[in-house]
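Quick note: the coordinates plus some simple rules give every number you see, no bench work behind them. This structure is a prediction, so every number in the text was calculated from the model and none was measured. Positions of Cβ are generated from backbone atoms using ideal geometry, with glycine treated the same way; all protein chains shown enter the neighbour counts.
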Amino acid sequence: MEIRNFQATDLQRVVKIERESFRSPWPEILFRRRSEMDPDGFSVATCESKVVGYVIGRIEIKKGLELGHLMNLAVDEEYRRQGIGSLLLKEIEDYFKREGARGIWLETREGNRAAENFYSKHGYEQIDVQEGYYSDGTDALIMCKGL
C-alpha cells in the first residue's frame, strides 16, 4: 500500500471509483481542476500500482481562520474495511496541519451512516445541516474536527 500525490494517469481510475461510490458523482473536469489548483491536496492510495482510493482537500479561510476542507474521499468497494480510508484521511489531515490549518470541516450526505460513523470514529462531530446541498435535494451534514 502506498499513498502518493495524484498523477494525470490516475484520472480514469479515480473517476471510476467516484462513479461507483456516490449517487451524485463529481464530473471528470472537477478532478482535473483540483489536481491543477492544489496538487498537494489530492492524494491516491495504490495497491500493487492500482489506484484503490483517493482524497481531495483544500485550505479555506472561514471567519478569519485557516481551515482544511475535506472535499472528497472514496475507496474502491473491493478494498473497503482494510484501513485505506483511514490512511487517506490521515494523509489529508497531515497536509492540512503542514499548511497551518486550525481545523477541518466536511460535508457528508445525510443518511450515509457508513460515512457518518467513519468520520465520528476519527473525531469529527456534526455541527450543522446544509439543507438541499446535493443535486438531488438531499441535505448534507457538516462535520468538523480541530487540529
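In plain terms, the chain from Gln130 to Gln82 could stretch by 14.2 nm, reckoned as 0.36 nm per residue minus the Cα-Cα distance.
Each Lys and Arg Cβ is given +1 and each Asp and Glu Cβ -1; about its Cα centre, the stretch 1-121 then shows a dipole of about 240 debye.
Computed 3J(HN,Hα) for the stretch 60-75, one whole-Hz value per residue from the Karplus formula 6.51 cos²θ - 1.76 cosθ + 1.60 where θ = phi - 60°, is 9, 9, 10, 6, x, 10, 7, 10, x, 9, 7, 8, 6, 8, 8, 10, glycine and proline marked x. Pairs of Lys residues in the stretch 2-107 are counted when their Cα atoms are under 27 angstrom apart and they lie 8 or more places apart or on different chains; the count is 7. Charge tally around Ser120: other residues with Cβ under 12 Å, Lys/Arg +1 each, Asp/Glu -1 each, net +1. For a footprinting-style exposure proxy, rank Thr9, Thr108, Thr46 by other Cβ within 10 Å, fewest first. Least crowded to most crowded, the residues run Thr9, Thr46, Thr108. Scalar couplings 3J(HN,Hα) for the stretch 86-99, obtained by applying the Karplus form with A = 6.51, B = -1.76, C = 1.60 to θ = phi - 60°, are 5, 5, 5, 4, 4, 4, 6, 4, 4, 4, 4, 4, 4, 7 Hz; x denotes Gly and Pro. Taking amide H atoms as placed 1.01 Å from N in the peptide plane, the amide H of Leu147 lies under 5 Å from those of Gly103, Ile104, each 5 or more residues away in sequence or on another chain. Rounded to the nearest 500, the helix-only mean residue ellipticity at 222 nm of the chain stands at -9500 deg cm²/dmol, with each DSSP H run of n ≥ 4 adding -39,500 (n - 2.57). The local environment of Pro27, defined by Cβ-Cβ distances under 13 Å, has a net charge of +2 under the rule Lys, Arg +1 and Asp, Glu -1. Considering only Pro27, Gly100, Thr138, and ranking their Cα positions along the charge dipole of the chain that arises from unit charges at the beta-carbon of Lys, Arg, Asp and Glu, the one farthest toward the positive end is Gly100.
Here the 3J(HN,Hα) profile of the stretch 106-121, calculated from phi with Karplus coefficients 6.51, -1.76 and 1.60 at θ = phi - 60°, is 7, 10, 9, 4, 4, x, 7, 4, 4, 5, 4, 5, 4, 5, 4, 4 Hz, Gly and Pro shown as x.
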